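Data first, discussion second: the structure below is written as structure tokens.
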Amino acid sequence: MEAAVDNQSPSSSDVDVTPRGASSAVLRALQLIQYDDSDSKLQAAKEIRRLTKTSQRCRRLLAEAVIPLVSMLRVDSPQSHHESALLALLNLAVKDERNKMSIVEAGALDHVIRFLQSENINLQESATAALLTLSASISNKPIIGASGAIPLLVNILKHGTTQAKVDAVMALSNLSTYTDNLTVIIETDPVPSVVTLLKSSKRSSKTAEKCCSVIESMVGFDEGRTALAAEDGGILAVVEVLENGTRQAREHAVGALLTICESDRCKYRELILKEGVIPGLLELKVQGTPKSQTKAQTLLRLLRETPYPRSEFQPDTLENIVCNIISQIDSDEQSSKAKKMLAEMVQVSMEQSLRHLQQRALVCTPTDL
């Protein structure tokens, strides 16, 4: 499948949508899609798909093709039309918020949901990709969530092709950013399937990032935390993303682990510690995003034997927190690695402080002295 897919929804740039701004190919496609004969419509759909594959300008110019393309998805339309029209709509929606909304408003969602249940694997894949793209629109998230698409996406995540599974988890990640969709998602028990996909994915991949995004949302529910802890290697997979994922994936991973530990420290602390999370947290404390650094610091505090400073003579510094945790680690290898990471972190911290002092000295004026 060659359709372009996005999982974000940036605004379209303004273009000339008058006939003078359109190429002859665009005008011909718009004429063909209006004809009654099925061969002309099929030819138009294929041409629209080609023109909109990489051209943002053509996506704007061909926006009026949305309604006739959606009509080609009807049950009474020739089956050969379905995939061609769906892929044309998919390309029209990429990076075009107005087209995303127009496609849903034209009634495409009912047809897409029907295709998700199709025995035609290609059509099922195209429908999943379409939902991924359409779900990037803020306006579409509640509509898709209420349409019955979420259980079908989770079913694709369990039984679909590899590409369909990837698109399904990305669509679920998009939909999970709308709060009302979260309860719908958790009711479908998606965590085992998300963990399975995560374990089979490269930890630095976009797929792993989206898996951790969904997991972070799901562990806000007791059912999600229980499901993750019950999955063999589930927490370990999240820890591995914390160590080797993209910056955003690491933020999702530490957020998920922090939510779990905060929900029931006694229940989950040992489960997290035994997966060797400390070195990754130390590195994240230095190199992560601002949010990751804060979450890593908080999680390190929760993972110590006593999560609160014991006295004014033992301040709750990162060094004390980590040393306390290291003393409880059974594995010599993990302990050695954590100590090395701590030494490197302290060195980086000293270098940063020195650079800060040097910068202040450079901008210091006589009145400051």
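The values are calculated or read from the model by the stated rules, or taken from the named source; none is laboratory data. Remember, it's a predicted structure, so these values are computed and weren't measured experimentally. Heads up, the Cβs are rebuilt from the backbone with ideal geometry, glycines too, and the neighbour counts pull from every protein chain shown. Protein only, heavy atoms only, side chains kept; ligands, DNA and RNA dropped before computing areas. Shrake-Rupley method; radii C 1.70, N 1.55, O 1.52, S 1.80 Å.
For this structure, a couple of remarks:
- Those helices (runs of 4 or more DSSP H) of region 139-249 in which 2 or more residues are of a type in the set (Ser, Thr, Tyr) and open to solvent by 40 Å² or more (accessible area, probe 1.4 Å) occupy 179-186.
- Identity of the residue in region 110-138, part of a helix (DSSP H, G or I) and within 15 Å of Val184 (Cβ to Cβ), that ends up most open to solvent (accessible area, probe 1.4 Å): Ile113
- Residue tally, condition open to solvent by less than 20 Å² (accessible area, probe 1.4 Å) and in a helix (DSSP H, G or I), over region 40-57: 4
- Some residue of region 64-77 being exposed (fewer than 15 other Cβ atoms within 10 Å of the Cβ), modelled with pLDDT of 95 or more and assigned to a helix (DSSP H, G or I): yes
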